[in-house]
Every structure is written in C-alpha cells, then in structure tokens.
Amino acid sequence: MSNTNTLPQPALSALDLFARPFHDDAPYVGGIGAAWAPGRVNLIGEHTDYNDGFVLPIAVDRVVAFAGRARDDNIVRLWSTQFAEYADIILDGLPESFDEQRAHLPGWARYVLGVIAELARTGVKLAGFDAVVHGDVPVGGGMSSSAAIEVAAAQACMLFSRGSFTIGAQDATLQPIEVAALCQRAEHIASGVRSGILDQAASCLGRAGKAVLLDCRSLEYRYLPFGAPHISLVVIDTGVRRELAASAYNERRSQCEEATLMLRDIIIQNEPENPSANVIRALRDITQEQFARYGAELPDILRRRAGYVIAEDARVMETVALLERGAIEQVGPLLWQSHAGLRDEYEVSCFELDTLVEIARQVQGVLGARMLGGGFGGCTINLVRNDAIYTLRQAVDEQYPARTGVQADFDVCRAAGGPGSTWVNY
Ligand code: GLA
C-alpha cells in the first residue's frame with residue numbers, strides 16, 4: 001500500500017526487526033505499518049518556551065519509529081531495540097490507571113503510556129498493537145528523544161486504531177499543534193518535569209529545509225528558510241547526562257515565575273498609568289527597556305535568570321530577521337551570546353558543554369555554537385561552514401577527551417520533515 005522509499009531509515013529498520021521480538025501469533029488484525037517522528041535542534045530561544053516566549057527549532061533527520069501491527073485486544077506491547085526490553089500497556093482503564101501502570105514501566109515506555117493516557121482523555125477510541133520501537137535520536141542527548149517517541153507514539157496510535165481518529169489536515173481530529181500540546185502533557189505526567197512545548201512542537205511541525213518560529217503563548221507559528229549550501233548544522237554530544245537536570249529545570253521555571261511576579265509589582269508601582277503593567281503574566285511581557293530600568297531591584301539570582309530570558313527572546317527575533325534576509329552567517333554571533341547567557345546568567349551549562357563551545361570558538365569557519373536544550377550535559381549546536389567541518393572535528397577529537405575525560409560524538413544534521421505513518425502491506 002505504500003512506497004517504502006519515502007520512509008526514514010529507522011522506520012525501515014524497525015519494519016525489518018519487527019518479526020524477531022513478535023514471532024508469537026498474538027491475535028492481530030490488518031497488516032504491518034510504521035509511524036515515526038523526528039528529534040529536533042533549537043537554533044535559538046532556549047528556556048524561553050515556558051516563559052511564554054519565542055523559540056526557533058528545526059526538526060532534524062533523526063527519528064524514533066514504531067513498526068508493527070494492530071491487535072484485536074486492548075494491549076499495546078512494545079519492544080525497544082535500544083533498551084532490549086518489552087513493555088506492556090493496558091488500554092482499559094486509562095487515563096485513571098496511569099499512575100499504577102507507570103510504576104511498572106521502564107522510563108522510555110512511560111512516555112508512550114503518557115501519550116496513550118492523554119489520547120484516552122480526549123475520548124478518541126484506541127486499539128491495541130504490537131510494535132518495535134527503534135530510532136537514531138541520541139537518548140537524553142538534547143535532541144529530544146522523548147518528544148520524538150511521544151509524537152511517534154501518537155502517530156502509531158492513529159495508524160493502528162485504523163481511522164478512529166486523524167492527525168493533520170484541516171478537518172482532522174487533532175491538528176499538529178494540538179498533538180504537540182497533548183504530548184507535552186504526556187511528558188509532564190511521564191517524567192515529572194514541567195517542560196515547555198518546544199520539543200513536541202518542533203517534532204510535530206518539522207519541515208525540510210525550514211526552521212519554525214513558534215510563539216509559545218498563542219501557539220501561532222511560521223516557517224523560515226533555514227540553510228545555505230555552504231553551511232552545515234553540526235551537533236556535538238558531550239557524552240554526559242546529569243541527574244540534576246530535572247530538578248534544576250523545575251527550579252529555573254519557578255525562579256522565572258517569581259521574577260515575573262516581582263517585576264510586575266515593581267512596574268505597577270512605578271508606572272501606575274501604564275495599562276499593560278497589569279497584564280504581565282510571564283517574562284515575555286517585560287520589555288528590554290523595562291528590564292534595564294527595574295531589573296536591578298530584583299535579588300541577584302532572579303535578575304540574572306530574567307535578564308537572560310528577556311535577552312534571549314530578543315535574540316530569537318533578531319535571528320528571524322536575519323533568516324528572512326538570507327543572512328544566515330550573521331546568526332553565528334547570536335549563538336555565542338546565547339551560550340554565554342545560558343552559562344553565566346541562567347547557569348544551566350556545564351564544564352563539558354563549555355569546553356565544546358570553547359573548542360569550536362577557536363576554529364575558523366565555525367560561525368557560532370551554543371549548548372542545546374535543557375542543559376547540564378547533552379549536545380551543542382554549531383553553525384559551521386562546510387570547509388571547516390573537518391578542522392572542527394579534529395579539534396574536538398584532539399582536545400575534548402584530554403580536557404574532560406569523555407568522548408564526544410559528532411553529527412551533521414539536516415532540517416527535515418515532521419512525523420508520518422504508513423501501512424506497508426495491509
Ligand atoms: C527542554 C524542555 C523544553 C525547553 C528546553 C530549553 O528541552 O523540554 O521545553 O524548555 O529544555 O529551551
């Protein structure tokens with residue numbers, strides 16, 4: 001029923017692998033199909049999403065894929081190739097049975113359970129399925145492997161529920177941005193991290209050759225051309241992941257909320273005539289001029305956190321203006337600035353991330369680099385002239401392990417399309 005040429009490689013591999021863990025003859029219906037969704041990088045706009053601000057992500061050519069077949073009962077049975085383990089989810093009783101089921105599932109399957117529970121909450125009719133879960137998004141590496149598995153799970157549920165709900169077109173049950181919001185809720189309940197909508201939106205809205213500007217308050221978005229033939233997007237993985245990330249993330253979010261309330265009160269006191277002062281709901285509502293005037297009245301930590309976020313939102317808009325003019329090379333300096341803010345003011349970087357950015361900075365032809373995603377490990381994103389890729393790689397190989405004691409992983413990515421699903425024989 002489909003042309004498998006259009007499937008991303010991990011989806012093809014998942015289809016090939018399906019027979020191995022699912023050689024039993026469980027009761028099933030219909031044929032074999034695959035569903036997938038991409039990971040993302042974020043060009044700029046880090047830690048702005050939960051401040052109702054702006055982000056500028058790019059879906060990349062790395063996906064998480066599900067391949068399998070529908071069952072005629074209420075069980076979703078998964079096999080993860082990456083973790084080499086099964087996980088069973090029982091559809092009956094969701095979303096109420098979520099907590100009980102979550103307790104018995106490995107981390108990766110909790111995201112799938114979260115999506116299924118949130119889909120059940122919307123009232124769509126779900127069917128059981130067997131699927132292999134396979135992918136090439138580095139796990140926990142800042143390219144949003146969790147968002148990719150969530151969005152791919154939503155696609156798989158749609159496929160295997162055979163038409164009981166649809167995602168995508170205008171008259172579909174769920175619009176892509178609604179799927180993103182649903183997957184964000186799934187992430188919250190699965191992981192306990194109060195993450196913003198950046199990762200899930202980036203995965204749902206991916207388009208080849210484009211970056212997407214998303215207003216995280218209105219959820220309006222538009223595409224911008226991203227890329228030039230002589231420039232590449234290089235992602236370098238520090239090889240480190242820190243447990244601290246989840247609690248530090250929630251702490252940053254609370255600090256931003258606290259800073260917003262304080263700044264709101266200060267602005268109301270000082271500008272009683274200003275009608276917009278009363279509607280300050282997030283750092284997004286505070287202008288750079290207002291922050292320059294009143295920021296000093298905040299306690300030091302809150303001043304630095306808010307200062308970073310307000311400046312980062314402005315950098316997103318500057319980047320948008322540059323991309324619109326095709327001036328991609330000039331985006332580079334904004335990436336260095338973003339990293340400095342994340343390191344010094346927002347304090348979510350770490351030694352390994354800083355080391356990768358410092359190494360990149362010494363290489364001629366690296367236009368800009370910064371840490372990517374939540375921080376405390378994971379990856380950096382580097383905007384690099386093609387003729388400097390080799391030198392950058394050499395510099396990282398020579399210096400990074402010696403300075404940090406860890407190996408880095410080097411990856412050249414492309415701005416790629418969003419999620420998809422298809423039957424391959426039905
Ligand atoms: C993580 C979160 C996102 C976003 C980034 C930081 O990736 O999941 O919502 O807040 O960190 O920009």
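Solvent exposure of HIS104, expressed as accessible area, is near 150 Å², computed with a probe of 1.4 Å over the protein chains only. Annotation: per residue accessible area for the range 89-237 equals 35 Å², rounded to a whole number [probe 1.4 Å, protein chains only]. If I take R0 = 56 Å and measure r between the Cβ atoms of ASP72 and ARG222 in this structure, what FRET efficiency does the formula 1/(1 + (r/R0)^6) give, to the nearest 0.05? That pair, ASP72 with ARG222, gives E of 0.85. Only helices enter the 222 nm calculation for the chain: every DSSP H run of n ≥ 4 contributes -39,500 (n - 2.57), and dividing by all residues gives -13000 deg cm²/dmol, rounded to 500. The calculated FRET efficiency for GLU329 paired with TYR390, based on their beta-carbon distance and R0 = 25 Å, is about 0.85. Expressed as a fraction of 2.2 N^0.38 Å, the value expected for a compact globular protein of N residues, the C-alpha radius of gyration of the range 142-264 is 1.24.
Working from label points 7 Å from Cα in the Cα-to-Cβ sense, the ARG162 to GLU251 distance is 5.2 nm. Sites listed here are trypsin sites (Lys or Arg not before Pro) in the range 381-425 whose DSSP assignment is loop and whose Cβ has at most 16 other Cβ atoms within 10 Å: ARG414. Using a probe of 1.4 Å on the protein chains alone, the accessible area found for ARG162 is around 110 Å².
Seen against the Cα atoms of the chain and their longest principal axis, helix 107-122 is set at about 80 degrees. Sparse packing (at most 12 other Cβ atoms within 10 Å of the Cβ) combined with a DSSP loop state is found for the following GluC sites (Glu not before Pro) in the range 64-134: GLU96.
Across the options ILE286, HIS104, GLY123, the greatest Cα extent toward the positive end of the charge dipole of the chain (unit charges at beta carbon of Lys, Arg, Asp, Glu) belongs to GLY123. Note on TYR223: accessible area approximately 60 square angstrom, rounded to 10, probe 1.4 Å, nucleic acids and ligands left out. Cα centroid separation, the range 217-267 to the range 40-82: 17 Å.
When the chain is treated as a GNM with alpha-carbon contacts under 10 Å, the residue of PHE226, PHE160, PHE54 showing the greatest mean-square fluctuation is PHE226.
Taking the chain as a Gaussian network of alpha-carbon nodes connected by springs under 10 Å, the highest mean-square fluctuation of the residues ALA34, ALA87, ALA156 belongs to ALA87. Remark: the range 405-421, residue by residue, has Karplus-estimated 3J(HN,Hα) of x, 10, 8, 9, 10, 10, 9, 9, 10, 10, 6, 10, x, x, x, x, 7 Hz, where x stands for each Gly or Pro and the curve is 6.51 cos²θ - 1.76 cosθ + 1.60 at θ = phi - 60°. Per-residue extension of 0.36 nm, minus the Cα-Cα distance of GLN175 and ALA103, leaves a gain of 22.9 nm for this segment.
Looking at the range 62-171 alone, DSSP beta bridges between its own residues are antiparallel in about 70 percent of cases. Taking label points 7 Å from Cα along the Cα-to-Cβ direction, ASP344 and GLU297 give a separation of 2.6 nm.
Here's the picture: charge each Lys and Arg Cβ at +1 and each Asp and Glu Cβ at -1 in the range 37-106, and of PHE66, GLY45, LEU94 the one pushed furthest to the positive end of that dipole is PHE66.
Annotation for the range 392-421 versus the range 338-378: alpha-carbon center distance of 13 Å.
The calculated FRET efficiency for the pair ARG414 and THR287, based on their C-beta separation and a Förster distance of 56 Å, comes to about 0.95.
The values are calculated or read from the model by the stated rules, or taken from the named source; none is laboratory data. Bear in mind the structure is a predicted one, so any value in this text is a computation, not a measurement. Note that we place each Cβ from the backbone using ideal geometry, even for glycine, and neighbour counts take in every protein chain shown. In case anyone asks, the SASA skips ligands and DNA or RNA and just uses the protein heavy atoms, side chains included. Shrake-Rupley method; radii C 1.70, N 1.55, O 1.52, S 1.80 Å.
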